[in-house]
Amino acid sequence: MKVILTKDMEHLGKAGTLVDVKTGYGRNFLLPNAHAVLATEKNVRQMEHEKSGILARAAKHRTNMTAQAAKLSAIELSFTRKVGEEKKMFGSVTSKDIHDQLASKGYEIDRKQIHLHEPLKELGNHEVEVKLHPEVVAKLKVTIAAEK
């Protein structure tokens, strides 16, 4: 199935690109979520006409995400957790905890954008990546301290 992307997709390509995808993926995900349109002759002509507008919107979105990444990089989140013998933590700090604290500070970020390979299970300072855009990654400073 040939479709034209209307948004940048990480593993498929940039907006305005003609790509060939499996029928189910196109019909069940890309088309209903407005990530792509069918590649008919009319849509191809229309997309060529609108390509400059799409590229301008994508560039504006990228600059907005770069500005948000600069704001996020300045933030330091701190968590307190119960600690047992030998400074071993009970529980961990997950992406949900980080998302909740960012939301309480007024940052609207999807939880899936916070990339933790595994939950943070050690006290101290950590660096967590927040992928705002395929080309923009912010690094959050997360501090985990022992609860008194």
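Annotations
- Pairs from Lys82/Lys105; Lys42/Lys71; Lys14/Lys112; Lys96/Lys148; Lys22/Lys51 whose Cα-Cα separation, in the structure shown, is over 31 Å: Lys42/Lys71
- Counting only alpha carbon atoms, the long axis of helix 95-104 and the longest principal axis of the chain meet at about 90°.
- Between Ala58 and Val83, the simple spin-label model (points 7 angstrom out along Cα→Cβ) gives 4.8 nm.
- Scalar couplings 3J(HN,Hα) for segment 34-46, obtained by applying the Karplus form with A = 6.51, B = -1.76, C = 1.60 to θ = phi - 60°, are 6, 8, 7, 10, 4, 8, 7, 4, 4, 5, 5, 4, 5 Hz; x denotes Gly and Pro.
- At most 12 other Cβ within 10 Å, DSSP loop - GluC sites (Glu not before Pro), segment 1-62: Glu10
- Karplus-derived 3J(HN,Hα) values for segment 17-24, using 6.51 cos²θ - 1.76 cosθ + 1.60 with θ = phi - 60°, are 8, 8, 10, 10, 10, 5, 4, x Hz; glycine and proline are entered as x.
- Put a plus charge on the Cβ of each Lys and Arg, a minus charge on the Cβ of each Asp and Glu, and nothing anywhere else: the dipole of segment 2-64 about its Cα centre is then about 100 debye.
- 3J(HN,Hα) from dihedral phi, segment 59-65, Karplus parametrisation 6.51/-1.76/1.60, rounded to Hz, x for glycine, proline: 5, 5, 4, 5, 5, 5, 5
Only the coordinates and a few stated rules stand behind these numbers; no lab work does. A quick note: this is a predicted structure, and the numbers were derived from the prediction, not measured. FYI the Cβ positions are ideal-geometry reconstructions off the backbone, even for glycines, and counts take in every protein chain you see.
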